[in-house]
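First up is the structure itself, then whatever we jot down about it.
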Amino acid sequence: MKKLTDIFKAKPRTFSFEIFPPKTDKGMESLEATLAELARLPFDFMSVTYGAGGSSRDTTSSLVCSIQRKYGLVAVHHFTCVLHTRAQVKAILDELKASDVRNLLALRGDAPKDAPDWVPGPENFKYSSELVAFIRQNYGDHFAVGVAGFPEGHVLAPNKAADTQVLKKKIDAGGDFVMTQLFFDNALYFDYVKRLRGLGVNARVIPGILPITNYEGAVNFCKGCGASVPQKVHDIFGPISGDKDLTLAAGTRFAIEQCRELLAGGAPGIHFYTLNKIEPVRTILKELI
């Protein structure tokens with residue numbers, strides 16, 4: 001299976017999707033149908049999220065292997081270290097290597113709801129930079145390793161400058177590329193990349209885009225993850241929040257315009273948060289390629 005680092009060498013611009021493991025059989029059936037549609041689109045790779053504390057580990061790994069074997073697509077396995085000991089991390093990574101998984105998104109991750117006060121001990125990793133270093137020390141260049149970036153700063157970071165220093169540590173530890181959290185104001189992304197370049201971080205920074213299909217849902221999600229919602233989003237989607245069709249159409253237009261501006265400004269591609277749906281990413285991608 002190809003590594004993203006090899007794809008990046010050949011392609012200055014990539015398009016990709018993120019999906020998440022469903023919790024029910026019905027959800028999995030629906031996702032399988034979506035995957036069949038997504039596989040027909042001209043994109044470069046797909047990432048699969050990893051539940052808090054590894055709660056979806058088996059499903060995530062199964063989906064990654066299915067995407068690679070059934071569809072012949074490049075898949076990125078999200079991997080968090082919260083709750084896992086170093087020995088457990090090593091065992092899981094050994095399994096992934098044996099399954100021909102070559103691409104990881106290394107994350108600290110959130111503690112699960114049933115263990116909100118979990119504190120890392122001496123056998124755990126405290127930061128994702130430690131996980132990245134562990135992967136490099138034990139597996140060399142077998143894996144292409146991505147890390148998460150936060151254009152507005154991580155919710156736990158005291159300020160943006162401190163946050164970019166943390167990102168630099170992750171890259172210095174062996175990270176190959178960056179995938180960003182969602183944002184709706186492109187100035188945040190361009191400023192973020194400028195700050196990173198000022199620190200000597202030259203890794204590819206792929207912007208993460210969430211097309212708005214549910215205004216209230218997007219606003220609530222942003223409250224939880226620390227992403228801001230600019231007034232222009234409220235102005236566009238607030239008055240039509242009760243109309244699904246108008247919201248979908250407006251969300252599609254907004255995302256197309258946002259992506260076009262990012263690409264024109266030098267972004268090395270787009271990573272779409274699909275919410276396990278074929279639309280509107282299918283329509284958006286057709287307008288960009």
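May I ask you to list the residues in region 279-289 that are surrounded by fewer than 19 Cβ atoms within 10 Å (Cβ to Cβ) and at pLDDT 95 or above?
Initial filter on region 279-289 (surrounded by fewer than 19 Cβ atoms within 10 Å (Cβ to Cβ)): 279, 282-283, 286-289.
The answer is Glu279, Arg282, Thr283, Lys286, Glu287, Leu288.
Would you list the helices (runs of 4 or more DSSP H) that sit entirely within region 16-114 and hold 2 or more residues that are more than 24 Å from Arg282 (Cβ to Cβ)?
Numbers: elements: 25-38, 57-71, 86-98.
Per the criteria, 57-71, 86-98.
Just for region 203-237: of the residues that are out of contact with any Leu (no Cβ under 8 Å at 6 or more places or on another chain) and part of a strand (DSSP E or B), which one is farthest from Leu262 (Cα to Cα)?
Arg204
Is it true that Ala162 is of a type in the set (A, V, I, L, M, F, W, C), in a loop (DSSP other than H, G, I, E, B), surrounded by fewer than 19 Cβ atoms within 10 Å (Cβ to Cβ) and free of Cβ contacts under 8 Å to residues at least 24 places away in the same chain? Write out each step before concluding.
Working: of a type in the set (A, V, I, L, M, F, W, C): yes; in a loop (DSSP other than H, G, I, E, B): no; surrounded by fewer than 19 Cβ atoms within 10 Å (Cβ to Cβ): yes; free of Cβ contacts under 8 Å to residues at least 24 places away in the same chain: yes.
The answer is no for Ala162.
Taking interchain pairs and intrachain pairs at least six residues apart, which have beta carbon atoms under 6 angstrom, with the first residue in region 42-58 and closer than 20 Å to Phe177 by Cβ and the second at pLDDT 70 or above and part of a helix (DSSP H, G or I)?
Asp44/Ile7; Met46/Ile67; Val48/Thr60; Val48/Leu63; Val48/Val64; Tyr50/Thr60
Need the failing condition index for Leu262 against (1) over 26 Å from Glu287 (Cα atoms); (2) touching a strand residue (DSSP E or B) at 6+ places or on another chain (Cβ under 7 Å), just the number.
Among (1) over 26 Å from Glu287 (Cα atoms); (2) touching a strand residue (DSSP E or B) at 6+ places or on another chain (Cβ under 7 Å), the lone unmet condition for Leu262 is (1).
Any idea which of (1) closer than 25 Å to Met46 by Cβ; (2) of a type outside the set (Ser, Thr, Tyr); (3) under 21 Å from the mean Cα position of the chain (by Cα) is the one Ala133 doesn't satisfy?
(1)
Taking Asn138 and the conditions (1) within 30 Å of Tyr189 (Cβ to Cβ); (2) at pLDDT 95 or above; (3) outside any loop (DSSP other than H, G, I, E, B), which numbered condition does it fall short on, given that it satisfies the others?
Unmet condition: (1).
Just to be sure before I move on: is Gly200 part of a loop (DSSP other than H, G, I, E, B), on the phi > 0 side of the Ramachandran plot and either within 18 Å of the chain's Cα centre (by Cα) or of a type outside the set (Phe, Trp, Tyr) (or both) in the structure I sent?
Numbers: part of a loop (DSSP other than H, G, I, E, B): yes; on the phi > 0 side of the Ramachandran plot: yes; either within 18 Å of the chain's Cα centre (by Cα) or of a type outside the set (Phe, Trp, Tyr) (or both): yes.
In short, yes.
State all residues of region 62-107 that are without any contact (Cβ under 8 Å) to a residue 24 or more places away in the chain and among the aliphatic types (A, V, I, L, M); if no residue qualifies, say none.
Ala91, Ala98 - these are the residues of region 62-107 that are without any contact (Cβ under 8 Å) to a residue 24 or more places away in the chain and among the aliphatic types (A, V, I, L, M).
How many residues does region 168-192 contain that are within 18 Å of Gly266 (Cβ to Cβ) and touching a residue at least 24 places away in the same chain (Cβ under 8 Å)? Explain how you work it out, then say what you get.
If we filter region 168-192 for residues that are within 18 Å of Gly266 (Cβ to Cβ), which is where we start, we get 177-180, 183, 185-192.
Next, only the ones that are touching a residue at least 24 places away in the same chain (Cβ under 8 Å) stay: 177-180, 183, 185-186, 188-192.
Final tally of qualifying residues: 12.
Tell me whether region 1-14 contains one or more residues that are surrounded by 14 or more Cβ atoms within 10 Å (Cβ to Cβ) and more than 23 Å from Pro268 (Cα to Cα). Give the derivation first.
Initial filter on region 1-14 (surrounded by 14 or more Cβ atoms within 10 Å (Cβ to Cβ)): 1-5, 7-8, 13-14.
Cutting the leftovers down to more than 23 Å from Pro268 (Cα to Cα) gives us none.
Within region 1-14 (the criterion being surrounded by 14 or more Cβ atoms within 10 Å (Cβ to Cβ) and more than 23 Å from Pro268 (Cα to Cα)), the answer is no, since none of the residues qualifies.
Restricting the search to region 165-181, which residues are buried (at least 21 other Cβ atoms within 10 Å of the Cβ), part of a helix (DSSP H, G or I) and not hydrophobic (A, V, I, L, M, F, W, C)?
Result: Lys170, single match.
Out of the residues in region 15-54 meeting the condition of being over 17 Å from the mean Cα position of the chain (by Cα) and among the β-branched types (Val, Ile, Thr), tell me which one is surrounded by the most Cβ atoms within 10 Å (Cβ to Cβ).
Going through the qualifying residues, I end up with Thr34.
May I ask you to say which residue of Glu130, Glu29, Glu123 is at pLDDT 95 or above and farther than 24 Å from Met1 by Cβ? I'd like the intermediate steps shown before the answer.
Details: Glu29 fails: at pLDDT 95 or above; Glu123 fails: at pLDDT 95 or above.
Answer to the selection: Glu130.
The values are calculated or read from the model by the stated rules, or taken from the named source; none is laboratory data. Model, not experiment: these values are computed from the prediction. Virtual Cβ from ideal backbone geometry, glycine too; neighbours counted across all protein chains shown.
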